[in-house]
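Every number in this text was worked out from the coordinates using simple rules, so none of it is lab data. Being a predicted model, the structure only gives us computed values, none of them experimental. Quick reminder, even Gly has a Cβ in these numbers, built from the backbone with ideal geometry, and neighbours come from all protein chains shown.
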Amino acid sequence: MLSRILAALIACTAFAVDAQTGRQLWKTRVDEHVVARITGGVKYYDGRVFVPLSGSEEFVSGNANYPCCTARGGVVALNANTGAVIWKAYNVDDKHLVMGIYFTSFVTQ
């Protein structure tokens with residue numbers, strides 16, 4: 001049985017490595033928004049890796065050309081064996097983005 005280490009980088013990339021050799025098994029970019037970030041730990045459950053998403057718009061708020069308030073938090077479920085995206089859910093849908101409101105993600109059982 002292959003043992004894996006599952007992790008994520010702040011720049012929206014989740015990955016798995018072989019725990020014995022350190023060889024990368026897969027790497028997946030989980031969000032394309034310019035300020036999207038992973039600021040929480042990944043969680044494994046039942047063959048899936050859950051990756052929390054957040055945005056860091058405060059870092060670009062001084063840029064007059066940045067279209068404010070288009071980032072949103074969410075969670076992505078990945079296949080733990082392949083890294084393939086199974087589903088992605090945002091905290092706010094496209095038509096309900098509201099300036100100045102922040103959300104967090106969580107998984108319950």
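Identify the residue in region 56-69 that is surrounded by 13 or more Cβ atoms within 10 Å (Cβ to Cβ) and out of contact with any Asp or Glu (no Cβ under 9 Å at 6 or more places or on another chain) and, among all such residues, is farthest from TRP87 (Cα to Cα).
VAL60
Please tell me if GLY22 is over 15 Å from the mean Cα position of the chain (by Cα) and in a loop (DSSP other than H, G, I, E, B).
Yes: the conditions hold for GLY22.
Closer than 30 Å to SER3 by Cα, buried (at least 20 other Cβ atoms within 10 Å of the Cβ) and of a type in the set (Gly, Ala, Ser), is that true of ALA36? Working first, answer last.
On the way: closer than 30 Å to SER3 by Cα: yes; buried (at least 20 other Cβ atoms within 10 Å of the Cβ): yes; of a type in the set (Gly, Ala, Ser): yes.
It is true that ALA36 is closer than 30 Å to SER3 by Cα, buried (at least 20 other Cβ atoms within 10 Å of the Cβ) and of a type in the set (Gly, Ala, Ser).
Can you give me the number of residues within region 36-72 that are closer than 16 Å to ALA14 by Cα and in a loop (DSSP other than H, G, I, E, B)?
Qualifying residue count, region 36-72: 6.
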